[in-house]
Amino acid sequence: MHGTAELPDRHGDQQTTETDKLSTRLLEQSIAAWRRNGHVRVFNQFRGLPVNASARFLGHKGRRIGIGFDAEVARVFASSPDKNTAMLACPDGERQIRASIVRLQAGRAALELQEASYAYIHKRRDVGVQVGEDITVRLSGRRSRRLRARLFDLSISGMGLVLDEQAAGNIHAGDELDCEFSLGGKHFKSTGWVRWQQSCGDMLRLGMEMKSDRTLQQALQREIFRIQRSIITAMNEIELPDEMQAAIDARDPVSA
């Protein structure tokens, strides 16, 4: 599944302090590596598909860094919901730093470095996509009554679901559930196991692994390809904010 929400902090100020110390140390290590390499990788996800670019590292001051800004870098930032945020890859390959644009000039951007976190690790072995359509999945199991959930993302081996946390009742990791839904004019039925769950306000995210079924997987793969094509089309049609386009247009052609 792609892009989980953070769980509430159950350890109070102690956990916040530890996270801040980790972030500060990681920022210093990352800045040193970016300076040495001369570039930083910026990335995002657009409905589950990766968008990334390599940006020239232009220096830093405190928790701000300067990077080169061209059309590829702009597209990464513009693919975020606020069209202003991206993740920066850390040298250890395991963590990432959230950054937002605070100033744009000709061919360059000033970024404010925010929290550092562990890079999200895909919980399924197969590539998935976020489903933009409003798809209802009907769930049933031996220990739970019939439920309705919304399909969030999908791969040939699993799915991410969102449902009301109170309605979820006694669903737990490891439970076996029957799933039924329609997608792209086709009807799908499968059985799977709840592999993880996570609270997101009054909603619950579930990650399910589906039983291996070659016929089902082939049918799902065709639908995933269809969804991927629509996502790529939408990605290519992302409009850059005026200030981003102006910073790109004003670049020095010699240094571009």
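Read the figures in this text as sums done on the coordinates, not as results from a lab. Predicted model only: the values in this text are computed from it and were never measured. Here the Cβ is made from the backbone with ideal geometry for all residues, glycine too, and neighbour counts use every protein chain on show.
Quick notes on this one:
- Packing-based ranking, highest mean first, of 230-239, 148-157, 75-84 given that Cβ atoms within 10 Å are counted: 148-157, 75-84, 230-239
- Along segment 158-174 the Karplus relation, 6.51 cos²θ - 1.76 cosθ + 1.60 evaluated at θ = phi - 60°, assigns HN-Hα couplings of x, 8, x, 10, 10, 8, 5, 5, 5, 5, 5, x, 9, 6, 9, 4, x Hz to successive residues, with x for each Gly and Pro.
- Segment 177-244 and segment 22-83 have Cα centres spaced 28 Å apart.
- Annotation for Glu176 and Ala234: the two label points, set 7 Å from Cα along the Cα-Cβ direction, are 3.5 nm apart.
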